[in-house]
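One structure is given here, and the rest of the page talks about it.
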Amino acid sequence: MPRSNTAYEIGTPWLYEGYELVVGLEVHTELKTRSKLFCSCANEFGNIPNTNVCPVCLGLPGTLPVLNKTVVELAIKIGLALNCEVRKSTFHRKNYFYPDLPKGYQISQYDLPINSDGYLDLPSGHRVGIVRAHIEEDTGKITHMGLSGRMDKSAYSLIDYNRAGVPLTEIVSAPDIHSPDQAREYVVELRGVLMALGVSDGRMEEGSLRVDANVSVRPMGSSELRTRCEIKNLNSLRSLVRAIDYEGKRHVKLYMRDDAPIQETRHWDEARQRTDSLRSKEEANDYRYFLEPDLKALAPTEGFIRGIESQIVDTPKLKRAFLNESLAGEEMSDQVEKAIDLELYPYVKHAIEVGVSPRLAIARTANELAATISDAPYLSIERFVEVLRLEEDKEISPSQAKVLLNAVTKRDESVSDIISALDLKKADDGETRSVVETVVAQSPSEWARFLEGQDQLMGFFVGKVMKLTGGKADGSVVKDTLLQLRQRDS
Amino acid sequence: MSEKISIDEVLHVAALSRLRLTPTEAEVFARQLSVVISHMADIESLDLSLDDEERYSYVDERALRDDDTKDSMKRESILRGAPLVEEYMFRVPPILGEGV
Amino acid sequence: MEVNPLDLDAYSLSGAVLSKEISVSEVVRSVIAQVELREPSISAFLHFDPEALLEKASVLDEKVLRGETVGRLVGVPVAVKDNMVTSDMPTTAASKILEGWRPPYDATVVELIKDAGGLVVGKTNLDEFAMGSSTENSAYKVTRNPHDLSKVPGGSSGGSAAAVAARMSILALGSDTGGSIRQPASLCGVVGVKPTYGYVSRYGLIAFASSLDQIGPIARTVKDAALLLEVIGERDPKDSTSILGERPKLVEREAFGVESLRIGIVSELVDNCSTEVRDRVFMAARLLEERGAKVDTVSAKAVTLGLSAYYVIAPAEASSNLSRYDGVRFGLRKDGSSLTDMFFSTRTEGFGDEVKRRIMLGTYALSSGYYDQYYGKALATRGLIRRQFNEVYKDFDLLLGPTSPTTAFAIGEKSNDPMAMYMNDICTIPSNLAGHPAVSIPFGLADNGLPIGVQLLGPDMSEPLLFQAAFELERLAKENLEDARA
C-alpha cells in the first residue's frame, strides 16, 4: 500500500489535541455463489446491463423470494471464522424508495442476525469485537447521465439491475478501532479471512468488498461514546485511512469550537480529500422494519453448523497458528505473516506436511517464492518441495537453491534438467577441500591472522571459496575445513 | 372529540408513502383513519406478548433453494413492460439530493 | 338432446370432452354466448377475448382428437381473478397503476390449470389490489350481484363469484386475505374455499398482505371446488411459505358424511349477524345433528379482536408490498421534474382512495413511535386468536358460523364509510389470522331473495374434513331448502 502523505503517520496511535478516535466499521462483502440470493439468476455483473435479471430480482408484481441455501452456509462460515454465535435468525424488510431497490424494500436481517457477538484478532494483537454478520441483498446500479456525471447535477439516470439481489454479508464491528492504521489492519485481516474462506474475492476497488466507517472522537481516557458520522464511498484502503483521519480531526475541531458534529451520513470526496454531508431526507431512518412475511425464519441445526465448521481450515488465524506451532517456538513472525498469503500458503503448508523443515519452508516461501509467484507459470507444489528437499539434503547449497527455485517457476523442464543446464550440482567435499587449500595458500597474511585467532576472517575465506566454486560449495563444509586446517597449522 | 390521527400525521405518512394529498383529501383521510384507529382501542390495551416459537415459523432445510442458475429472462421481454428505456437500462428523472 | 355445457359440473364436462361428446370449441361458444347475455348487466370481467378463446379451444380440441394426454380439467372454463398474473392476458389488479401491463410470466396456479387442460376464460374484476368487500373499489368497473343487479357481489373476488353465479364460467379462482373468497361466494350463492395458508402457491398472486393471502376455488358445487383445489393445491418451490409434501385427496370425501363429527358453533361469530343469517346457521347445525354430528356452542372471545388485528397487519404488509409501484420498471408512470416528483405523481394518480387509505394506515402502524402500540399488539393478538382456536379444536373437529353478517348490500351503501365496510369481514378474518382453512357453502335464500352462506372452519390442513362436512351441508340445503334447487 502506498504510504499516506497526510499528517497521520501509518503505524502510530492517533491522538489529536487530546482526543482519541472511536471507529466501528461496516463491511459489506458480496458472496461468491453461482446464483443470486432469492432467485436463480447468475451472480455475475459488470457486463451487459439487465441480462441477469428475472421477474423475482426485478420485483415484478406477484414474485416471491426463495432463499439460496449456499448463502446460508457461507454466512455461517463467516460467522464461525469470526468467532460468532450462530443462531436462529429472521429476515426483515427495510422500507425506502430508491430506484435501485426494485421492491421498495431491502430484505435484510434486523433484530435477529444469523451471526452475532464475535471478534477478530489482528496480527498486532488488538482484538476487535464483531457485533453481527448478517445476510442481505444488494441493490442495482445507477448511472447518472449528462452534465458532469455527478449525481446532483445529472440530467437523468439509468438503472441496471444485474447486481440487484446479489447476496451480501454485512459485518459490523464494535467501536473498538482507535486509529486509521488499525482500521486498515482490520480490513486487511478481515479480507484475508473472507478470501481464505472462499466466500469473497475481496476486491475493494470493484466494490465486491465495501467499507463504511462510523467515526467519533472522545477525550483520551474517557469511555463515553459521542455522536458518530457514517462515512461512505471508501473505495480503497488509502481512502479509508485518510477519511477516518480527516473525519476524526473534523470532529475534534468542532468540539474545540464548542460546537459538535450531528449524526449523519457523509461521503468521502476522493478528489478533494474531504468528507461531505449528504443532504438527509426529512423522514430519514424511518425504515419501518417488519418481519418479511414471504420468508420463514432460519434455525440451522447443530449438525448443519458443525458440517460447515469442518470445512473451515485456512483462516489467517489458523494459518498463523499452524506455522507457529510447526516452528516450535522459533521466532519468524515477519516471514510467517508473508507466508499466510492466500496464494503462498498452500506451498508452505504442503512442504511442512510432507516433512520439510518448517524453518526452511517458511523462509523460502516468504522470501524467494513470494518474489516470484506473480510470474510462475511452471510452479507446482511438487516442484517446490523437490527443490526444498535438495537443499535440505545438502544436494545443493542455499544460494543454489534460491537460483534453482526461481528457474523452476519459469522453465518448462524437469528439476534435474534445470540443475544440469545451470550446472547447479553442489561441489563434493574433496573438491571443496582442495579449493579451500588453494585459497589459504593464496592469502598467507590473512591466514596467519586467522591462526592468531581473528575469527572474523572466516567470512573472508568462505567468500573466496564461494566465488571460486561459483556458489557450489556448501558453506558449512567450507567452515569445517577451515577449522580443521587451523588445527593442523597451529 | 380530538382525532386519533391529525392532519399533520396524515401528511407525514403520505409523504413516507410517496402520496400527494390535497388539503381536502388530507382532512377526509384524517377523519376516516381516526375512526378506524379508534376501533383498535381493543387491542391497544391488551397486555400480550409472543414467544419466539409462536412468532416465527422456521424453514425446513429442504425448502431452501440449491445454488443453481437458470437462464435469466430475455432482456427484451423484461424491458418491454418498462415505461422508459435507454441503452437497455431503465431511465428515471434526475435524482436531486435524494440520496439514501 | 341439446345440453348446455355450462349446466354441467366440471367433472361431467371434462368427461364429456374426453369422450368427445362435446368439443372444447362448443364449450367456448356457450361461454361466449352466456357472457354476451349476462356480462353487460353484471360486469364481472376485466378481460375477455372471445377470439383468443376460440383459438385456444381449437388447440385443445386437436390435442383431444390426437389422443394426447390432457388433464383433469380438460375443456373446463376457469375465470381467474385479475390479481393473478397471466402471460397471455393483461393483469391489472383492478388498478390504474397496472393498466396495460403484460406480465412476462404465469402464476403457478395458472400454470397448473393450463397443465390440467383447463381453459382460462378471462380475468375477473376485484376491489383494487383486493382491498375491499364489495368490488366497488375497482378502478375500471362496478360488478353487480347476479341475484339482484342493485346489490354488490361482495368482494374482493366479486368478479369471480359473479361470473360463476351467472354461469359465465364453471370454475373461478379467487384470493382470500380477510374473506375475499368466502364473502362474495356467500353473497352470490356459490361455494368458496380459503385453504390452509401455504396450501396453494402464492407465486404470481399480486400481493396484498403476504402473511394472510391465499388463493382458493369458487364453484357452483362442493365437488367442483374440491376438484379445482386438488388441481391447484401443490407444493411450489417458488413460494417459501408453500407447505411441504403431498396434499390430501378431497373429491373422495363426497360420501363420507358427518357421523360423530364434533362441530362447534362459535357464539362470538353468530352474535354480530342479522337474525335471518343467524337462524340459518342454527338450522344448518340442527340438520347436521340429525345426520349424526355432535353439535355444541362454544366461546372463543379472541375472535372479536380479529378485526382490529387484521386492519393493522394487512395494511402494514400492503404498504410495503405496494412500494414497488414506482413507475420505474413496469406499469404506469407519470413523469416529473425529479425522481421524487415522478414517484409522487405516479403513485398519487395510479392508486385509488381505498388503496391510499390502507397504505397510509399501514405506514402509520409501522412507523417509529407507533410500531409497538399497533403492529406489535396486532401480532400478539394474532397469536392469541390462533392459540384460542387451537384450544377449541381440542374439543371440536370443525366450527360452524355465518360467512357474512348480512346478505348482499346495495351498491353505494357503504362506500363512504370505511369502517362499516370493514365490519363485513368480521366472520371471515379470524381464519386468515390463524392461517386456518374455511369454506362458505350456499344455504338457501333470505326473504329478500338473496343468498345466505354458512361457513365451516377447521384447523390447519383439515381440508378433507371440511369438504366432508361441506358435501353434507350441500345435500342438506338441497333437501331442506326449496330455493337452493333453483
query: Once fully extended, how much extra length lies between residue A:381 and residue A:487, figured as 0.36 nm per residue of separation less the alpha-carbon to alpha-carbon distance?
result: 33.7 nm
statement: Of the convex hull drawn through the C-alpha atoms of the protein assembly as shown, the volume per residue in Å³ is 223 Å³
task: Let me know the Rg and Dmax you get for region A:19-307 when you use only its Cα atoms, in Å.
output: 19.3, 58
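Ratio of region A:429-489's C-alpha Rg to 2.2 N^0.38 Å, to two decimals?
Numbers: Rg = 10.3 Å, N = 61, 2.2 N^0.38 = 10.5 Å.
So the Cα radius of gyration is 0.98 times the expected 2.2 N^0.38 Å.
What Kirkwood radius, in Å to one decimal, follows from the Cα pairs of chain B?
Details: mean 1/r = 0.0506 Å⁻¹.
Radius from the Kirkwood sum: 19.8 Å.
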- request: Express in nm, to one decimal, how much length is gained between residue C:447 and residue C:149 on full extension, taking 0.36 nm for each residue of separation and deducting their alpha carbon distance.
  value: 105.6 nm
query: Which angle between 0 and 90 degrees, to the nearest 10, do you get for helix B:7-16 versus the longest principal axis of chain B when only C-alpha atoms count?
result: 10 degrees
message: Compute, for region A:313-422, the length of the dipole vector about the Cα centre, with Cβ point charges of +1 (Lys, Arg) and -1 (Asp, Glu) only. Units Debye, rounded to 20.
response: 140 debye
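Would you compute, from DSSP H runs of 4+ residues alone, the mean residue ellipticity of chain C at 222 nm, taking -39500 (n - 2.57) per run and dividing by the full residue count, rounded to the nearest 500?
Estimated from H runs of four or more residues: -12000 deg cm²/dmol.
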- line: Under the 7 Å Cα-to-Cβ spin-label approximation, residue C:480 and residue C:63 lie apart by a distance in nanometres of 4.3 nm
- prompt: Most exposed first by the Cβ proxy, i.e. fewest other Cβ within 10 Å, how do C:389, C:48 rank?
  reply: C:48, C:389
task: Report, by chain and number, residues whose modeled amide H sits under 5 Å from the one on residue A:35, excluding near sequence neighbours (fewer than 5 apart, same chain).
output: A:43
message: For a quick size check, give me the Cα extents of chain A along its three principal axes, largest first, whole Å.
response: 94, 55, 50
field: Cα-based reach from residue A:472 at 18 Å (exclusive), listing lysines while leaving out same-chain residues under 8 positions away
entry: A:394, A:402, A:425, A:426, A:464
query: For labels at residue A:222 and residue A:479 in the simple 7 Å Cα→Cβ model, what's the distance in nm?
result: 5.9 nm
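By per-residue mean of other Cβ atoms within 10 Å, what is the highest-first order of C:35-46, C:456-467?
Numbers: C:35-46: 19.0, C:456-467: 23.1.
In descending order of packing, they fall as C:456-467, C:35-46.
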task: Could you go through region A:362-371 in sequence order and give the Karplus-derived ³J(HN,Hα) for each residue, using 6.51 cos²θ - 1.76 cosθ + 1.60 with θ = phi - 60°, rounded to whole Hz, and x for Gly and Pro?
output: 5, 4, 5, 5, 6, 9, 5, 5, 4, 6
- request: Measure nothing but the geometry: give the 0 to 90° angle between the long axis through the Cα atoms of A:429-442 and the longest principal axis through the Cα atoms of chain A, rounded to 10°.
  value: 70 degrees
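Roughly what % antiparallel, to the nearest 5, for the DSSP beta bridges in chain C? Before the final figure, lay out the partial values.
Working: 26 of 42 bridges.
Bridges in chain C are about 60 percent antiparallel.
Counting only helical runs of four or more DSSP H residues, what would the 222 nm mean residue ellipticity of chain B come to if each run contributes -39,500 (n - 2.57) and the total is spread over all its residues? Could you put the intermediate results ahead of the total?
Numbers: 5 runs with 41 residues, N = 100.
That calculation yields -11000 deg cm²/dmol at 222 nm.
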statement: For chain C, the Cα gyration tensor yields equivalent-ellipsoid semi-axes (√(5λ), largest first, whole Å) of 31, 30, 20
task: For residue C:295, enumerate residues with amide H under 5 Å from its amide H, sequence gap 5+ or separate chain, H modeled in the peptide plane.
output: C:263
message: Between residue A:354 and residue A:333, how high is the FRET efficiency from 1/(1 + (r/R0)^6) when r is the Cβ-Cβ distance and R₀ = 25 Å? Nearest 0.05.
response: 0.55
Student exercise, chain A dipole from Lys, Arg, Asp, Glu Cβ charges, in Debye to nearest 20: 920 debye
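So how do A:439-452, C:71-84 stack up, highest first, on mean other-Cβ count within 10 Å? Intermediate results must be reported in sequence, preceding the final value.
Numbers: A:439-452: 14.1, C:71-84: 27.8.
Output ranking for A:439-452, C:71-84: C:71-84, A:439-452.
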For B:25-34, mean number of other protein chain Cβ atoms within 10 Å: 3
message: Taking beta carbons within 10 Å but only from partner chains, what does the mean come to for residues A:82-94?
response: 1
field: Integer Hz, Karplus 6.51/-1.76/1.60 couplings in order for region A:111-121, x for Gly and Pro
entry: 7, 10, x, 5, 10, 8, 6, x, 7, 10, 8
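Arrange A:481, C:135, C:340 by Cβ neighbour counts within 10 Å, fewest through most, would you?
On the way: A:481 21, C:135 34, C:340 18.
The order, fewest Cβ neighbours first, is C:340, A:481, C:135.
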statement: Projected convex hull area of region C:427-481, Cα atoms, direction-averaged, in nm², equals 4.0 nm²
message: Given contacts defined as C-alpha pairs under 8 Å and at least six residues apart, what's the relative contact order of region C:308-374, whole-number percent?
response: 42 percent
Stokes-Einstein diffusion coefficient of region C:3-126, Kirkwood radius over Cα pairs, 4 °C, 1.567 mPa s, in µm²/s: 87 µm²/s
- request: Enter the angle in degrees (range 0 to 90, nearest 10) between the Cα long axis of helix A:475-489 and the first principal axis of the Cα atoms of chain A, meaning the one along which they spread out most.
  value: 30 degrees
Extension gain from residue A:47 to residue A:467, taking 0.36 nm per residue of separation minus the Cα-Cα distance: 145.5 nm
field: Cα convex hull volume per residue for region A:228-277 (Å³)
entry: 64 Å³
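Other chains near C:82-92: what is the mean number of their Cβ atoms within 10 Å of each residue's Cβ?
Mean shielding count: 1.
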query: Amide H of residue C:45: which non-local residues (sequence gap of 5 or more, or other chain) have their own amide H closer than 5 Å, using H built in the peptide plane?
result: C:125
message: Out of all DSSP beta bridges in the protein assembly as shown, what portion is antiparallel? Express it as a percent rounded to 5.
response: 80 percent
- prompt: From the phi of every residue in region A:200-216, what ³J(HN,Hα) in whole Hz does the Karplus formula 6.51 cos²θ - 1.76 cosθ + 1.60 yield, where θ is phi - 60° and glycine or proline is x?
  reply: 8, 8, x, 8, 6, 5, 7, x, 6, 10, 10, 10, 10, 10, 9, 10, 8
field: Label-point separation in nm, residue B:84 to residue A:414, each point 7 Å along Cα→Cβ
entry: 7.1 nm
message: Using a 7 Å offset from Cα along Cα-Cβ at residue A:437, what residues in region A:474-490 end up with backbone N under 18 Å from the label point?
response: A:474, A:477-490
- prompt: By a straight-distance test (C-alpha under 30 Å), which lysines pair with residue C:301 as possible cross-link partners, with residues fewer than eight away in the same chain excluded?
  reply: A:296, B:4, C:194, C:377, C:394, C:414
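Just so you know, all these numbers are worked out from the coordinates, no wet-lab data involved. Remember, predicted model here, so these are calculated numbers, not experimental data. Using ideal geometry, Cβ is built from the backbone for each residue, glycine included, and neighbour counts are taken over all protein chains shown.
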